[in-house]
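Quick notes on the structure that follows.
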Amino acid sequence: MANATKLTNLEVKGLNVTGSAVLGITKATYQTTKTDGSAAAGEAPTKAEYDAVVTLVNDLKAKYNALVKTLAEGE
């Protein structure tokens, strides 16, 4: 234990032990419910499969950017 460092003044972000949101971060806010894009993984995806992947990527991008913004503002 000679090389151990004493940690003080720790700040925890996310969900506290009771499951309530810290910084307004909740699972429902950032979880995507869009269709999985695996159907478009074949050699010739249909227009509908391609559109589903585009919708999924755009939804994930929006949720990621919102999460990053929330975390940045919380500091």
Notebook entry, point to check: Can you pull out the residues in the stretch 49-75 that are part of a helix (DSSP H, G or I), surrounded by fewer than 13 Cβ atoms within 10 Å (Cβ to Cβ) and either among the acidic types (Asp, Glu) or touching a residue at least 40 places away in the same chain (Cβ under 8 Å) (or both)?
Noted result: GLU73
Note to self: I'd like the residue in the stretch 1-48 that is among the acidic types (Asp, Glu) and exposed (fewer than 10 other Cβ atoms within 10 Å of the Cβ) and, out of all such residues, is modelled with the lowest pLDDT.
What the structure shows: GLU11
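The values are calculated or read from the model by the stated rules, or taken from the named source; none is laboratory data. Everything quoted here is computed from the prediction, not taken from an experiment. Please note: Cβ atoms are built from the backbone with ideal geometry, for glycine as well, and neighbour counts cover all protein chains shown.
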